[in-house]
Amino acid sequence: MGEGTAIRNPAWPRLLLLATVALGAGLLLQRAAATLPVELWWPALRAPAESDIRQAVFGLAIMPRAVVALLAGAALGLAGALCQHVLRNPLAEPTVLGVSAGAQLALIAATLWLPGALAWGPGVPAFAGAALVALLILSLALRGGVSPGAIVLSGLILGLYGASLAALAVIFHRDYLTDILLWQAGALDQTGWEVAFYLAPRLAAGFLLAALLIRPLELLGLSDEGAQGLGLRLGLIRTLTFLLAAGLAGTVAATVGVIGFVGLIAPHLARAAGARRLRQRLLWSPLVGGGLLFATDQILQSVPGLGFIPTGAASSILSLPLLLWLMRRLGASGERSLPAAGLPLAPAQRPALILACLLAALAVMAAVALFAGHGEQGWQWLSPADSPFLGWRWPRVLGAISAGVLVAVAGLLLQRTTGNMMASPELLGVSQGAALGVTLLAVVAPSADGATALLAAMAGALAALAILAGTALSGRLGRGGADRVLLAGATLGSLFGGLATLLLAMAGARAMALLSWMTGSTAQLTPSLALVAAGCAAAVLLLGLAARRWLAILPLGPETAAGLGLPAGRGRLGLLTLAAAATGVATVLVGPLSFIGLLAPRLVVLAGFRTPVQTMIAAATTGALLLTAADWLGRNLIYPWALPAGLLATVLGCPVALWLLLRRRGPEGVGAR
Amino acid sequence: MASIAWLGAENALALGVTPVGVADAGYYRERMVSPRLPEAVPDLGPFWEPNLERLFALRPDLVLVDAWSVIDGAKLARIAPVERVPAYPQGKGGWDFATGTLRRLGSVLQREAQARLVVAEAEQRIAALRHRVDAAGPLPAYVGLIARTGRNITLYGGSGLIGGVLERLGLRNAHPGPFSGVGTVTVGLDALAREPEAMILCIDLATASGGFARTVAGNALWRSLPSVRRGRVGLLSGFYPFGGLGSALHFAEQAVRVLESSARG
């Protein structure tokens, strides 16, 4: 695995790592010396005199923070190395796999609804949540034939789902907003040694268990057949190792929050610095991870004006160049391509009939959304004479239909061009780019109005699109290339999302409004915007239908396409661009998140639609139906309050998506070869 | 009139006008106590997505909405004339901003005389508080909301309301900043160690009742803070840092009370 990341001469990476850690240490010493005379350091560490605040700051804030950074980074490094080895997946890591999100979610849920679960400290619910996700991921991976990319994408989807549920929790518990945002951004500030003392023994136990697992794990590095021949119980070893990684990640998430990408980067840097064998990697990945997080944290505190940025968020941002580099190498090695989608199951008996039913259902749903609703006197059916109500409702209904069509077509295009069944518009990073644009505006110019906010969203989406296009053009765009675009987009999305979270924490009262938009509300749609949305949806649908030949041929592979005189690379690029543009428009209008782009095409394929034209129309109708229903429910479930349509669709839709993911077996299953 | 903007609702109540509806009314009653919102005032739903249909049914003659709101003004205009309330002081000090928004609402509601009266009374009260500050001897002040972990604190100041009130009281903000555009910054608890003389004013949220004590219990750094050791800590109850003149005075009074007990202690 990951041989593509090995570097010929490990001296340079070693030197660079050493210099970084030395810089961090230098900064720490400087800060410590500026706080407290050196001769008082030891007494301040042993028992800081409460009467001397310098000793307290040195012994209870500066030093514990440095130690926590080292411990948390090491735990994540170890967890990352274990994940990557067990899944044979160079991109696996607790944050990427959604394990940290699971821990965080369980913690939020426990804090809000089950405080009793916290009786034994935050570690218990955190581990439960992390372990649950880990087992889910593992059951996917062990299904056999599931590609690394598919696993990473499912993990990222779980991560997005976690963020949505956190947003839902915050809507009903506003006082927790700052706390949850701080958690998501990973703040390392300390006020004593509790966190360090909590982490240290657990990390030590992790090392011990990892040491016990080294021999079986080394054999796991061989092919499955070879390892089985040696009498290994593969499943058990994998499960244990994965639970260990989840435990480490959960412990970190419980104490300092989500710290992205350290666990992903550290093992690769360790390898680049010459740690080739597993036992070397299991030793050096934690060391590199700890050093990296420590240095990042120290540098962050030393740059004037940046001290308020939580370290977790900063480390994600700093990892971006490393990640892009990593993905280039993986793409170039060409071995990590995601699998093609198999042929659908038995074709639908009467596709035209099903399609007609879908369209009729959409018409009924639209009528219900327009005319029926909770009012001051309970449930009401409006007459067309109640004009202002209809005047407010139709832009939302039309907007929901249009956005549903846009994301469903985008999802279908992505799934067809990448051949990856978990490909979803949320994973392009375009949505998070738009979210970042809006939050940035809210912080820089708090008084800007709604129209400016739309422009900012568009600018953010375009920026993400540009980066994505750059990634796509930087290499040949074969099947692996499309995967690379998806992975790059997903990574970009996590980073942008993290940044937006960070900015949200600074947006004051406005944060809630931003959060509502970011979770997909149709509330701010004006009649003219709704008409624009409808126009865009129609255009995208027509363009998608016009590309039906490509959609039919691309899944068959580039050779077939070339044989038919169609340049596969250019076709893919065009379709990806169309998908990204559709996502961008939908995002700007109704916010970035919903799993409809993932769900609608999947459901349609499961229903047995085969030809691109039928599939696309059915998917678009399904998408519109789902989003219209979610919007209507969101407006009426907790009248006079409202739940954003995208959030509702996510909360209801994600379990369905995971169920689809887990239930399909055989040739049509996710990522089956 | 109805208010989707909390600042607008607070100002209207100060002018003796009870809104027919307020966005997020339940949470408003938790966070804003001065002046109190009558229990009978219905909830308009969340301020980020108010329920237009309920708003319509309430037949307001005016709708107040935050200037930054993404709610479509044309939709609101079908219900009633819309007045946009600036949410954050820009350039102006927080105090002048608060009096300015009140006067502005006074003229919109044709209650200029009432507005003048309220502002004059507020100026009088803040001047009296300023005298008490001078008598007790001013201290620098941290104003913030401690995170549930007890490891971070969101501090207020800068061009926000708190910054303005501290200025009027002749109290220096103990945190040098920088603050975000809305007047907040989230920092580590060790930031409170910089000014040993300062008093610390913490917002105590109703949801965390008993929570503040629990948050700082066993927090070694908190116990070591000079301000804490001197007992210069005050809890701000029922307080919202993005409110108007009523919130400002409510805060100023609590701040001066803490100052006086700190000076005595």
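Some points to look at:
- Looking across region A:296-310, just one residue is among the polar types (S, T, N, Q) and under 15 Å from B:Leu189 (Cα atoms), and that is A:Gln301.
- Checked against the criteria, A:Ala79 does not count as closer than 16 Å to A:Gln190 by Cα, small (Gly, Ala, Ser) and at pLDDT 90 or above.
- Any hit, region B:15-37, residues being facing chain A (nearest Cβ under 7 Å), in a loop (DSSP other than H, G, I, E, B), under 23 Å from A:Ala167 (Cβ atoms) and of a type in the set (A, V, I, L, M): no
- Residue count for region A:161-193, restricted to those that are at the interface with another protein chain (Cβ under 8 Å from one of its Cβ atoms) and hydroxyl-bearing (Ser, Thr, Tyr): 3
- Helices (runs of 4 or more DSSP H) completely within region B:179-265 that count 1 or more residues being touching a residue at least 40 places away in the same chain (Cβ under 8 Å) and of a type in the set (Val, Ile, Thr): B:211-216, B:245-264
- Condition met for B:Gly106 (crowded, with 20+ Cβ neighbours inside 10 Å, touching a residue at least 40 places away in the same chain (Cβ under 8 Å) and either more than 13 Å from chain A (Cβ to nearest Cβ) or farther than 30 Å from A:Leu441 by Cβ (or both)): yes
- Every residue from region B:100-114 that is among the basic types (Lys, Arg) and in a helix (DSSP H, G or I): B:Arg103, B:Arg104
- Hits in region A:180-201 - residues which are surrounded by fewer than 21 Cβ atoms within 10 Å (Cβ to Cβ) and charged (D, E, K, R): A:Glu194
- Looking only at region B:159-170, and only at residues there that are part of a loop (DSSP other than H, G, I, E, B) and surrounded by fewer than 23 Cβ atoms within 10 Å (Cβ to Cβ), the one that is farthest from the chain's Cα centre (by Cα): B:Gly170
- Check on A:Ala442, crowded, with 23+ Cβ neighbours inside 10 Å, at pLDDT below 80 and within 30 Å of B:Phe179 (Cα to Cα): yes
- If you go through region B:23-46 and keep only what is within 23 Å of B:Lys75 (Cβ to Cβ) and more than 17 Å from the chain's Cα centre (by Cα), you end up with B:Val41, B:Pro42, B:Asp43, B:Leu44, B:Gly45, B:Pro46.
- Answer from B:Leu139, B:Leu145, B:Leu117 - the residue that is away from chain A (no Cβ under 14 Å) and either touching a residue at least 60 places away in the same chain (Cβ under 8 Å) or not in a helix (DSSP H, G or I) (or both): B:Leu139
- Breaking point among (1) within 11 Å of chain A (Cβ to nearest Cβ); (2) of a type outside the set (D, E, K, R); (3) out of contact with any Phe, Trp or Tyr (no Cβ under 9 Å at 6 or more places or on another chain), for B:Leu259: (1)
- Of the residues making up region B:97-149, those that are under 30 Å from A:Trp183 (Cβ atoms) and among the small types (Gly, Ala, Ser) are B:Ala141, B:Gly144, B:Ala147.
- Check on B:Ala74, surrounded by fewer than 22 Cβ atoms within 10 Å (Cβ to Cβ), within 14 Å of chain A (Cβ to nearest Cβ) and either among the acidic types (Asp, Glu) or part of a helix (DSSP H, G or I) (or both): yes
- Among residues of region B:45-70 that are more than 8 Å from every other protein chain (Cβ to nearest Cβ), those with a beta-carbon under 6 Å from a residue that is among the hydroxyl-bearing types (Ser, Thr, Tyr) at least six positions away or on a different chain give the pairs B:Leu64/B:Ser3.
- Residues located in region A:612-639, provided they are within 13 Å of another protein chain (Cβ to nearest Cβ) and either among the small types (Gly, Ala, Ser) or crowded, with 24+ Cβ neighbours inside 10 Å (or both): A:Asp631, A:Gly634, A:Arg635
- Positions within region A:278-295 being in contact (Cβ under 8 Å) with a residue 24 or more places away in the chain and of a type outside the set (A, V, I, L, M), in sequence order: A:Arg279, A:Arg281, A:Ser285, A:Pro286, A:Gly289, A:Gly290, A:Gly291, A:Phe294
- Of the residues making up region A:588-611, those that are in a helix (DSSP H, G or I) and at pLDDT 80 or above number 10.
- Region A:20-63: number of residues that are among the aliphatic types (A, V, I, L, M) and at the interface with chain B (Cβ under 9 Å from one of its Cβ atoms): 7
The values are calculated or read from the model by the stated rules, or taken from the named source; none is laboratory data. Since the model is a prediction, treat every value here as computed from it, not as a measurement. Glycine gets a Cβ as well: all are built from the backbone with ideal geometry, and neighbour counts include every protein chain shown.
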